[in-house]
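Q: This is the structure, below, for whatever I ask next.
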């Protein structure tokens, strides 16, 4: 079974639309961390956010927001008023134990002008 | 200053050759990693070193050998390159040490390896 599932392979939106990228994880640990990374067309992997399992408070950073729900094992990422520069592949990741790090398969977001 | 750097950025070579990719981090982190990203963008961890010691060695052909001369460097040597080795290889580092939980990983820019 996959540790991190990103069911949306590719999403296309028009600029200024809101978009939510889904992430579902699986772990038996009580302490774990969740991450989102962005990979723009240039190819580098950019860290966006890290949350620990004890902090379910939602987080907002500018147009980005994250919704962490342990009850559904989800850590969804919403971009408000999307822009063309948001076009990228977004990866959700889980870490558990000592240096166990699992990436989802990524969601490619296309934002059209 | 670049936090995690890799050289070369692009590597094109013939099947059967041996090649190395170098990685350096100036973040003072204890742990370094190598990942392989295939053409479908799937990221898979290959190796992890903590303070120069190997701690993760996933199922990777033994043609791949990591070497960590010090905790700021983790190089990847690949023997007898095959067509299927073509991918983007990412180096990463994190401040994890001892028995601490995994911290955020910071990635290098990637090395695109093409085997002809």
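The values are calculated or read from the model by the stated rules, or taken from the named source; none is laboratory data. What you see is a predicted model, and the numbers here were worked out from it, not measured in a lab. Cβ placement follows ideal geometry from the backbone for every residue including glycine, while neighbour counts extend to all protein chains displayed.
Q: I need the full set of residues from region B:68-82 which are touching a strand residue (DSSP E or B) at 6+ places or on another chain (Cβ under 7 Å) and either surrounded by 15 or more Cβ atoms within 10 Å (Cβ to Cβ) or over 13 Å from residue B:21 (Cα atoms) (or both), in order please. Before the answer, list the steps.
A: Going through region B:68-82, the residues touching a strand residue (DSSP E or B) at 6+ places or on another chain (Cβ under 7 Å) turn out to be B:68, B:72-78, B:81-82.
Matches in region B:68-82: B:68, B:72, B:73, B:74, B:75, B:76, B:78, B:81, B:82.
Q: Check every one of the strands (runs of 3 or more DSSP E) wholly within region A:7-57 and list those with 1 or more residues that are away from every other protein chain (no Cβ under 12 Å) and closer than 18 Å to residue A:84 by Cβ.
A: Values: elements: A:10-14, A:19-21, A:32-39, A:46-52.
It comes to A:10-14, A:19-21.
Q: Is one or more of the residues making up region A:84-99 in contact with a strand residue (DSSP E or B) (Cβ under 6 Å, 6 or more places away or on another chain), over 18 Å from residue A:27 (Cβ atoms), touching a residue at least 24 places away in the same chain (Cβ under 8 Å) and assigned to a helix (DSSP H, G or I)? Can you show your working first?
A: First, pick out the residues of region A:84-99 that are in contact with a strand residue (DSSP E or B) (Cβ under 6 Å, 6 or more places away or on another chain): A:84, A:86-96, A:99.
So of that shortlist, the ones also over 18 Å from residue A:27 (Cβ atoms) come out as A:84, A:86-90.
In the following step, the residues that additionally are touching a residue at least 24 places away in the same chain (Cβ under 8 Å) were identified as A:84, A:86-90.
Imposing the further condition that a residue be assigned to a helix (DSSP H, G or I) reduces the set to A:84, A:86.
Taking every residue of region A:84-99 in turn, at least one turns out to be in contact with a strand residue (DSSP E or B) (Cβ under 6 Å, 6 or more places away or on another chain), over 18 Å from residue A:27 (Cβ atoms), touching a residue at least 24 places away in the same chain (Cβ under 8 Å) and assigned to a helix (DSSP H, G or I).
Q: Right, another one. Which of the residues spanning region A:60-78 are loosely packed, with under 14 Cβ neighbours inside 10 Å and assigned to a strand (DSSP E or B)? Steps first, please.
A: Taking region A:60-78 and keeping what is loosely packed, with under 14 Cβ neighbours inside 10 Å, we get A:60-63, A:69-72.
Passing the criteria: A:60, A:61, A:69.
Q: Within region B:90-102, identify whether any single residue is modelled with pLDDT under 95, part of a loop (DSSP other than H, G, I, E, B) and crowded, with 18+ Cβ neighbours inside 10 Å, and answer yes or no.
A: yes
Q: On the basis of being over 15 Å from residue B:108 (Cα atoms) and either modelled with pLDDT under 95 or over 14 Å from the mean Cα position of the chain (by Cα) (or both), does residue B:17 make the cut? Walk me through how you get there before you give the answer.
A: Values: over 15 Å from residue B:108 (Cα atoms): yes; either modelled with pLDDT under 95 or over 14 Å from the mean Cα position of the chain (by Cα) (or both): yes.
So residue B:17 passes the test.
Q: Here is a further query. Kindly evaluate residue A:84 against the criterion of being within 14 Å of residue A:110 (Cβ to Cβ), surrounded by fewer than 13 Cβ atoms within 10 Å (Cβ to Cβ) and more than 11 Å from chain B (Cβ to nearest Cβ). Before the answer, list the steps.
A: Values: within 14 Å of residue A:110 (Cβ to Cβ): yes; surrounded by fewer than 13 Cβ atoms within 10 Å (Cβ to Cβ): yes; more than 11 Å from chain B (Cβ to nearest Cβ): yes.
Criteria met by residue A:84.
Q: All but one of (1) within 12 Å of chain A (Cβ to nearest Cβ); (2) assigned to a loop (DSSP other than H, G, I, E, B); (3) surrounded by 14 or more Cβ atoms within 10 Å (Cβ to Cβ) hold for residue B:60; state the number of the condition that does not hold.
A: Of everything listed in (1) within 12 Å of chain A (Cβ to nearest Cβ); (2) assigned to a loop (DSSP other than H, G, I, E, B); (3) surrounded by 14 or more Cβ atoms within 10 Å (Cβ to Cβ), residue B:60 misses just condition (1).
Q: If you check residue B:84 against the conditions, is it assigned to a helix (DSSP H, G or I) and either within 11 Å of another protein chain (Cβ to nearest Cβ) or modelled with pLDDT of 90 or more (or both)?
A: On the way: assigned to a helix (DSSP H, G or I): yes; either within 11 Å of another protein chain (Cβ to nearest Cβ) or modelled with pLDDT of 90 or more (or both): yes.
Considered against the rule, which asks whether it is assigned to a helix (DSSP H, G or I) and either within 11 Å of another protein chain (Cβ to nearest Cβ) or modelled with pLDDT of 90 or more (or both), residue B:84 comes out as yes.
Q: I would also like to ask the following. Mind checking which residues of region A:100-111 are surrounded by 22 or more Cβ atoms within 10 Å (Cβ to Cβ), modelled with pLDDT of 95 or more and not in a loop (DSSP other than H, G, I, E, B)?
A: The one that is surrounded by 22 or more Cβ atoms within 10 Å (Cβ to Cβ), modelled with pLDDT of 95 or more and not in a loop (DSSP other than H, G, I, E, B): A:107.
Q: Here is a list: B:53, B:24. Which entry is away from chain A (no Cβ under 13 Å) and out of contact with any helix residue (DSSP H, G or I) (no Cβ under 7 Å at 6 or more places or on another chain)? Working first, answer last.
A: Details: B:53 fails: away from chain A (no Cβ under 13 Å).
After applying the criteria, what remains is B:24.
Q: Which one of the conditions (1) under 14 Å from the mean Cα position of the chain (by Cα); (2) outside any loop (DSSP other than H, G, I, E, B); (3) over 17 Å from residue A:95 (Cα atoms) does residue B:12 fail to meet, given that it meets all the rest?
A: Among (1) under 14 Å from the mean Cα position of the chain (by Cα); (2) outside any loop (DSSP other than H, G, I, E, B); (3) over 17 Å from residue A:95 (Cα atoms), the lone unmet condition for residue B:12 is (1).
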